[in-house]
Amino acid sequence: MSTRRTQAGFTMFEAAIVISLVALAFSTLSSLWTRNHELAEDTRARQQAEGAHRKNMAALTRVFRGIDIQSLGGFDAEGESTKPEFARITGADMDDYTYVGEEHLTWMPSPIAVDGVINPGAVYLVRDGRRLLVADRVPKGGFSVRQLGQSLAVRLTTFYATSTSRLVSTSTESTISIRN
């Protein structure tokens, strides 16, 4: 009796097909992972930008709420300013209001470069030559104030740069009513 032996294994053609299918699957998964990672990073950056923006607008609102509307200055003929001047009311006595003194808000460039941002900076409250940071991560041209009677329309842009130097920013214009 003769026994017939069968060969086990794969042919070269079958191995090449399997290798190319595995490479295609790996390539597809790799591109999906990269896109998912970029989307997650953009989402994180957007959340950071929006959080910083809310904080910045709240700080600007606190500064503007206590000003004397009669002390406003630094506005052009259209009622717009990037460097508003004012006096904030700290109290009142029998004769008049008491004030902190002359102040102004101004945008200043950041001493630290930020990838993806051409002119990064911040908005500062300046009084007696001293600067107090009010709103950070503000690009050049990202802050302005427009006077609307007894209210101020504040336009602010806040940015956040991702680790891959992609820029995410958020902008709003909020109307602030002066309380005095």
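Each reported figure results from applying straightforward, stated rules to the coordinates on display, with no laboratory input. Please read all numbers here as calculations on a predicted model, not as lab measurements. So basically every Cβ, Gly included, is an ideal-geometry build from the backbone, and we count neighbours across all protein chains shown.
Compute the distance in nm between two label points, each set 7 Å from the Cα along the Cα-to-Cβ direction, one at residue 166 and one at residue 108.
Here the modelled spin labels are 3.4 nm apart.
Using the Cα centre as the reference, give the magnitude of the dipole from point charges on the C-beta atoms of the range 20-113 (Lys, Arg: +1; Asp, Glu: -1; all else neutral), rounded to the nearest 20 debye.
Details: 9 positive and 14 negative charges, 166 e Å.
The calculated dipole for the range 20-113 is roughly 800 debye.
Once both axes come from the Cα atoms, what is the angle between helix 12-65 and the longest principal axis of the chain, in degrees from 0 to 90, rounded to 10?
10
Give me the dipole magnitude in Debye, nearest 20, for the range 33-177 about the Cα centre, with unit charges on the beta carbon: positive for Lys and Arg, negative for Asp and Glu.
Value, rounded to 20: 640 debye.
Percent of alpha carbon pairs in the chain separated by more than 26 Å?
50
Treating only the Cβ atoms of Lys and Arg (+1) and Asp and Glu (-1) as charged, compute the dipole magnitude of the range 104-170 about its Cα centre; round to the nearest 20 debye.
So the magnitude is around 120 debye.
With label points built 7 Å along Cα→Cβ from the Cα atoms of residue 21 and residue 47, find their separation and express it in nm.
3.9
What's the FRET efficiency of residue 71 with residue 119 using the Cβ-Cβ distance as r and R₀ = 41 Å, to the nearest 0.05? Don't skip to the answer; put the middle values down first.
Values: r = 30 Å, r/R0 = 0.73.
Between residue 71 and residue 119 the formula returns 0.85.
Which listed residue (53, 133, 9) has the Cα farthest towards the positive end of the charge dipole for the chain, taking +1 on Lys and Arg C-beta and -1 on Asp and Glu C-beta about the Cα centre?
With unit charges placed on the Cβ atoms, the residue in question is 9.
Return the loop-located trypsin sites (Lys or Arg not before Pro) in the range 3-95 (DSSP other than H, G, I, E, B) with at most 12 other Cβ atoms within 10 Å of their own Cβ; answer none if there are none. Walk me through the numbers on the way to the answer.
On the way: sites: 4, 5, 35, 44, 46, 54, 55, 62, 65, 88; in loops: 4, 5.
Loop-located and lightly packed - 4, 5.
Tell me the mean residue ellipticity at 222 nm calculated for the chain from its helices only (DSSP H runs of n ≥ 4, each -39500 (n - 2.57), averaged over every residue, nearest 500).
The helix-only estimate for the chain comes to -11500 deg cm²/dmol at 222 nm.
Please work out whether the range 75-115 counts as rounded, prolate or oblate from its C-alpha gyration tensor, where a ≥ b ≥ c are the square roots of the eigenvalues and a/c under 1.5 means rounded, while otherwise a/b larger than b/c means prolate and anything else oblate?
Note, shape of the range 75-115 comes out oblate.
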